[in-house]
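The values are calculated or read from the model by the stated rules, or taken from the named source; none is laboratory data. Since we're looking at a predicted model, the values are computed, not measured. Only protein heavy atoms, including side chains, enter the accessible area calculation; ligands, DNA and RNA are left aside. Shrake-Rupley method; radii C 1.70, N 1.55, O 1.52, S 1.80 Å.
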Amino acid sequence: MPDPERPEAAMLDEWLQATSSSPNEAPRDDPAAIVRGVLNRLDNDGVELPHHVVYACVILLSVARTDLDRLELGLMRAASEHGNSWSWIAEAFGHRSKQAAHARASALHRRLEHRTPDEEETR
């Protein structure tokens, strides 16, 4: 069942069900999977893309992006706390230098610190 805190997920689930003869198999608690389900459905001929579906997908992409940002920052912090150097972290994450990796971690921290749950809900 879609998350009651995410009405856009419920609306997209209804749209996916209405535009298909087979049941929606996308995990209903994974925003990225729901958007992927919408894109897969659009591969079928004759399926139109209403504006409200696009808007709901944009909201869910923002939620997914925030989740990924939290995971990335958490992994960077864990790597540092477990004795890995910022040079090693930079290499593992594909950054050119330890300064670039540290700047990325700082940017993620600032972005997540300033994004409140209420702000995410209105996106």
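Val54 contributes an accessible area of around 60 Å² to the protein surface, as traced by a 1.4 Å probe with all chains present.
Surface exposure of the range 39-108, expressed per residue as accessible area with a 1.4 Å probe, stands at 66 Å².
Compactness ratio for the range 43-99: Cα radius of gyration over 2.2 N^0.38 Å (N = residue count) comes to 1.80. Extension gain for the segment Ala107 to Ser20, taken as residue separation times 0.36 nm less the Cα-Cα distance, is 27.2 nm to one decimal.
Were the residues from Leu39 through Glu72 laid out at 0.36 nm apart, the gain over their Cα-Cα distance would be 9.4 nm. Scaled against the 2.2 N^0.38 Å expected of a compact globular protein of N residues, the Cα radius of gyration of the range 10-106 reads 1.50.
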